[in-house]
1. May I ask you to say which residue of E86, E105, E98, E114 is surrounded by fewer than 15 Cβ atoms within 10 Å (Cβ to Cβ) and of a type in the set (D, E)?
2. Test of understanding: among N65, N103, N124, N76, which residue is under 22 Å from L165 (Cα atoms) and either assigned to a helix (DSSP H, G or I) or modelled with pLDDT under 95 (or both)?
3. Do we find that Y131 is within 13 Å of the chain's Cα centre (by Cα), at pLDDT 95 or above and not in a helix (DSSP H, G or I) in this structure?
4. Restricting the stretch 139-192 to residues that are assigned to a loop (DSSP other than H, G, I, E, B) and among the charged types (D, E, K, R), which is least open to solvent (accessible area, probe 1.4 Å)?
5. Would you pick out the residues in the stretch 37-83 that are β-branched (V, I, T) and either surrounded by 16 or more Cβ atoms within 10 Å (Cβ to Cβ) or in contact (Cβ under 8 Å) with a residue 24 or more places away in the chain (or both)?
6. Within the stretch 151-186, track down each residue that is among the hydroxyl-bearing types (S, T, Y), touching a residue at least 60 places away in the same chain (Cβ under 8 Å) and out of contact with any helix residue (DSSP H, G or I) (no Cβ under 6 Å at 6 or more places or on another chain).
7. Please give the number of the condition V136 fails out of (1) closer than 25 Å to S31 by Cβ; (2) open to solvent by 10 Å² or more (accessible area, probe 1.4 Å); (3) in contact with a Pro (Cβ under 8 Å, 6 or more places away or on another chain).
8. Considering only the stretch 123-136, I want to know if a residue exists there that is more than 20 Å from R35 (Cα to Cα) and of a type in the set (D, E, K, R).
Amino acid sequence: LAITYLLLHKSSSPSPEIKRDEPLTVAANTSAFTRSFSAMLNNYYQLSDAFVNWDTVAVRKNADNLALSVDSLRLNQLKGDTAVIETALNLAESIKGEIAGLNGETDIEQKRREFYMISDILYNLIRTVRYNGATVYHMECPAAFSDSSEAYWLSPSPRVVNPYLGKNHPRYKDQMLDYGQVNDSIHFAIAQ
């Protein structure tokens, strides 16, 4: 009888609460950080426009401007856990590395491949820092490179203006400028 009581009593007692890891937190970013991030995005959008126009001189100039704005990011003003800040720093460094790769390429298709890498890393950076300055659209081109592989880019507008096919594609000219689709939209509202 005592054993039955102990077994019943033990099973009816509440189990110990499992301590779960706290999620990484990001508070509302400072206006200085948001301004610097917005400036960087504007430089990225100008780089995208240079690809749309098949203008390699403008690609180089805007890639250099983007690198400068990445260097000027006010990551010291980023509000968040140290893991969030370290991730943001690493992503920013990766973007600068890809810009150097883009500037080192001579072929426009290879430059576009580097642009795709920059876009991918920047997309992750936006989500890491929870940028809330404006909506950013994550766009997809299903046939960016030799009509066989997809690539993504970021846009301030849901309107498709494809930097991978652009206005002066050797085969399509400007007929594929609007080829692609919105894959995602990102805007982190400030929690009250």
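The values are calculated or read from the model by the stated rules, or taken from the named source; none is laboratory data. Values in this document were obtained by computation on a predicted structure and should not be read as measured data. As a convention, Cβ positions derive from the backbone with ideal geometry for all residues, glycine included, and neighbour counts pool all protein chains shown. Side chains are part of the model used for accessible areas, which takes the heavy atoms of the whole protein and leaves out ligands, DNA and RNA. Shrake-Rupley method; radii C 1.70, N 1.55, O 1.52, S 1.80 Å.
1. Numbers: E105 fails: surrounded by fewer than 15 Cβ atoms within 10 Å (Cβ to Cβ); E98 fails: surrounded by fewer than 15 Cβ atoms within 10 Å (Cβ to Cβ); E114 fails: surrounded by fewer than 15 Cβ atoms within 10 Å (Cβ to Cβ).
Sole residue among the options that is surrounded by fewer than 15 Cβ atoms within 10 Å (Cβ to Cβ) and of a type in the set (D, E): E86.
2. Only one candidate qualifies: N103.
3. no
4. We begin by selecting, within the stretch 139-192, every residue assigned to a loop (DSSP other than H, G, I, E, B); these are 146-148, 156-168, 170-172, 174-180, 187-192.
Keeping just the survivors that are among the charged types (D, E, K, R) gives 147, 159, 167, 171, 174, 178.
Details: D147: 70, R159: 161, K167: 93, R171: 166, D174: 92, D178: 108 Å².
The qualifying residue least open to solvent (accessible area, probe 1.4 Å) is D147.
5. Once the filter is applied, which keeps residues that are β-branched (V, I, T) and either surrounded by 16 or more Cβ atoms within 10 Å (Cβ to Cβ) or in contact (Cβ under 8 Å) with a residue 24 or more places away in the chain (or both), the stretch 37-83 yields V52, T56, V59, V70.
6. S155
7. The number of the failed condition is (2).
8. Among the residues of the stretch 123-136, not one is more than 20 Å from R35 (Cα to Cα) and of a type in the set (D, E, K, R), which makes the answer no.
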